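Comments concern the structure below.
The values are calculated or read from the model by the stated rules, or taken from the named source; none is laboratory data. Predicted model, so just to flag it, every value in this text is computed and none were measured. No Cβ is skipped: glycine too gets one built from the backbone with ideal geometry, and neighbour counts run over all protein chains shown.
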Amino acid sequence: MGRTRRGSYGRGPRGRRGGVQVHVGVLRVIRPGNAVVETDEGSFPVAKGGIREAMSGDEVRVSLVRRGGQDKLAVVQGVIQRASVDFLGVYHVLDPLGVVVPLDERVKRDFFVLPEDKSPQMLGVRDGDVVLARIVEYPQRHSAGVVTLDRRVGGKDKIDVNIESVLASWGLAGGFSPAALAEAGRIRVDVDAALTAGSSRKDLRDRCCLTIDPADARDFDDAVFARVTPGGYELEVHIADVSHYLPWDSSLDLEARARGCSAYLVDRVVPMLPDQLCNDACSLRPGEDRLAMSVLARLDRRGRVRSCSVVRSAIRSRARLSYDEVEALIQGERPAGELGVAEGSSDEIADAIRSLDALASLRRTLRAQRGSIDFETKEARVRLDERGRPTGVEIRERTRATSLVEEAMLVANECVARLLAEEDVPCAYRVHESPFPDSLRKTLPLLRELELVGGPEAEELALGDPKATQALLARARGTRNEALVSSLLLRAQKRAVYLPQNQGHYALGAKAYCHFTSPIRRYPDVLVHRALKARLDGKLDGREQRAIRRQLPQLCRSCSERERAAEGAARASQRVKMAELYLGRVGERFSGVVVGCERYGLFVMLDESCAEGLLPTRAIDEGWMSFDEERQCLTGESGRVWQLGQRVVVVVTGANPPQGQIDLGLPKPGPAT
């Protein structure tokens, strides 16, 4: 939505109406048909149809009901305070009225522009234009809302309406506030001043370190270095000191707090911080002095951490390398002399990369021994031309180059979390609980059918034994069922969340874990940096930390929610462009694998792009089809079974880019060619 009017937060029960207890809270619409109301009594899901005339962010009165033996559900009884003042939408002419359809799919109402309102003519708005609409009358239970137009944003030929809809529907922020931009504009990098301001910051500018990122990255928030020692390895992980430029409760801080994280869409980044920070002052660019928080660790020959310290620092990156360049060096396909080194020796940089690679291999072995679970996933990213049109798909997989960076970050995050947890310092810990046994048991019938589990191992898997999960993934690796098994087990996992206290990380097999390594794009990392600094300065009970602790539970909840929204928007934007790509390939054949099964059809992942499309039951031509939910399969009247993991050849029959949908059918039988 657009600008908001801040309403009161939930104040708990207001009393009873007709024998029903009424509560006051804030409505949060997550996705269409999925909403919660946050009250002082707790957070309650909204019953089907229970949103009524309310909109996301509104302060509402709700009653709590039970339906079908479920937990308490909320039903909106009325709106106390509206949150939204305006919104982006598409204008249509419905003579004599105008109609504005919100880009935010969570708003399931259209708004009218009355005949006497001349704002469309004054702004030169045409049918199909994107507009900023200001609400004049809010929708009621039995009447539509009324708006006037404040601004013509642009025509559909200039604006990617589908992506704008994704932004609005997931509640992603637009531009930064003038106050935040003004603060960002006043930021200056002065490393020498920071070094003389206090004796706690260490000058590490003479040490070698480098950044390794995707080729198209612009913000470099981590730099690494490793070398072999007589006892094992020394590892350095340097992270941009974002909190140095982000005072608590400043306009910049409040903006970052509200956004929670950066969102990486198919065609753009919605950043947590303004460009002056993420791409300049806090970017560890080669050959430039920058402020950092550094983890300095010593590890033995097996890769076990023997000592670790965290310091404020000043560093100077020697090289900015891409994953592809580093992978080529590791594989022996690129000599060290061809590396793009800004300062120092290319041989020293190459030695550091080889040390990081060797250390990463040791760390993967150690993590596997302690029960860490690595899910091998592929990331499909649609390539766009300069006009935002899809041209193809890039499949990104884990490589030794990406792994060496990942393992270094894992070491740093664990070291920091352990230091804070040992002293019981409240901060935003990254917590991942073990999965519910019921979720894992639901995978067993299919895994048995695939002959991947059996006997006592099945019970161990159902109980969440990481060793059993590791063994299953190892058996599936390299087979046609690898992606399916990984997907099944991933869906059975709980989501990792941020919590104010340490509770360990199941998937990583870590007793303590937090996010420390990406403060440019994640607010929890900023909170961790502040806690570390307070610990270093002996100010854990200082005014700022006391204020943070009071708000920490809500900050952790908000950051978890904003992370889910950013990930959802990223996936939705990829689906939109994937659908656009296949809209131009209607009639073409593709091979794929069944990765989902519902009563209404099969979801097929195409081999060439990892795109998913729906093969509806009506397109299978098997008459009436029975659905077996336990085995996740469909059986036609002929007895033919369609199930997860099955290889199929399909034809693209259509696509719906606004919904990110690809429609599939089966090839018509014909003569062999």
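Worth pointing out:
- Entry remark, segment 486-525: residues being assigned to a helix (DSSP H, G or I), over 17 Å from the mean Cα position of the chain (by Cα) and surrounded by 22 or more Cβ atoms within 10 Å (Cβ to Cβ) number 1 in total.
- Residue count for segment 620-631, restricted to those that are surrounded by 17 or more Cβ atoms within 10 Å (Cβ to Cβ) and in contact (Cβ under 8 Å) with a residue 40 or more places away in the chain: 1
Here is a yes/no grid of residues against (1) in contact (Cβ under 8 Å) with a residue 24 or more places away in the chain; (2) closer than 19 Å to E423 by Cβ:
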{"site": "K494", "(1), (2)": "yes, no"}
{"site": "P500", "(1), (2)": "yes, yes"}
{"site": "G509", "(1), (2)": "yes, no"}
{"site": "F516", "(1), (2)": "yes, yes"}
{"site": "H529", "(1), (2)": "yes, yes"}
{"site": "I548", "(1), (2)": "yes, yes"}
{"site": "Q554", "(1), (2)": "no, no"}
{"site": "A566", "(1), (2)": "yes, no"}
{"site": "G584", "(1), (2)": "no, no"}
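- Segment 401-442: number of residues that are more than 19 Å from Q545 (Cβ to Cβ) and touching a Cys at 6+ places or on another chain (Cβ under 7 Å): 3
- Lone unmet requirement of (1) touching a helix residue (DSSP H, G or I) at 6+ places or on another chain (Cβ under 6 Å); (2) over 30 Å from G645 (Cα atoms) for A572: (2)
- Of the residues examined, V75 is not one that is closer than 24 Å to A566 by Cβ and at pLDDT 90 or above.
- Any hit, segment 537-558, residues being assigned by TED's automatic domain parsing to the domain that holds P658, of a type in the set (K, R) and assigned to a loop (DSSP other than H, G, I, E, B): no
- Members of segment 613-639 found to be part of a strand (DSSP E or B) and among the aromatic types (F, W, Y), listed by number: F627
- Scanning segment 340-364 for residues that are surrounded by fewer than 21 Cβ atoms within 10 Å (Cβ to Cβ) and not in a helix (DSSP H, G or I) returns G340, A342, E343, G344, S345.
- Between L284, L299, the distinction of being in contact with a strand residue (DSSP E or B) (Cβ under 8 Å, 6 or more places away or on another chain) and in a strand (DSSP E or B) belongs to L299 only.
- Test for A173: is it at pLDDT below 95, not in a helix (DSSP H, G or I) and not assigned by TED's automatic domain parsing to the domain that holds P32: yes
- Any hit, segment 35-44, residues being over 21 Å from R564 (Cβ atoms), assigned to a strand (DSSP E or B) and either at pLDDT below 90 or in contact with a Lys or Arg (Cβ under 8 Å, 6 or more places away or on another chain) (or both): no
- Filter result for R218 (at pLDDT 95 or above and under 23 Å from T402 (Cβ atoms)): no
- Here the helices (runs of 4 or more DSSP H) wholly within segment 392-469 that include at least 2 residues being out of contact with any helix residue (DSSP H, G or I) (no Cβ under 8 Å at 6 or more places or on another chain) are 400-422, 444-449, 456-462.
- Summed over segment 574-601, residues that are surrounded by fewer than 22 Cβ atoms within 10 Å (Cβ to Cβ), β-branched (V, I, T) and modelled with pLDDT of 95 or more total 1.
- Here N279 fulfils each of the conditions (1) surrounded by 19 or more Cβ atoms within 10 Å (Cβ to Cβ); (2) not in a loop (DSSP other than H, G, I, E, B) apart from (1).
- Test for G645: is it within 20 Å of C610 (Cα to Cα), surrounded by fewer than 18 Cβ atoms within 10 Å (Cβ to Cβ) and either touching a strand residue (DSSP E or B) at 6+ places or on another chain (Cβ under 7 Å) or not assigned by TED's automatic domain parsing to the domain that holds E588 (or both): no
- Condition met for Q643 (touching a residue at least 24 places away in the same chain (Cβ under 8 Å), over 27 Å from T479 (Cα atoms) and of a type in the set (S, T, N, Q)): no
- Selection status of A194, farther than 30 Å from A336 by Cα, of a type outside the set (V, I, T), in contact with a strand residue (DSSP E or B) (Cβ under 9 Å, 6 or more places away or on another chain) and in contact (Cβ under 8 Å) with a residue 24 or more places away in the chain: yes
- A single entry from R28, R61 fulfils the requirement of being under 27 Å from the mean Cα position of the chain (by Cα), touching a residue at least 24 places away in the same chain (Cβ under 8 Å) and surrounded by fewer than 21 Cβ atoms within 10 Å (Cβ to Cβ): R28.
- Single match in L167, L204, L195, L210 (criterion: not β-branched (V, I, T) and not assigned by TED's automatic domain parsing to the domain that holds G388): L167
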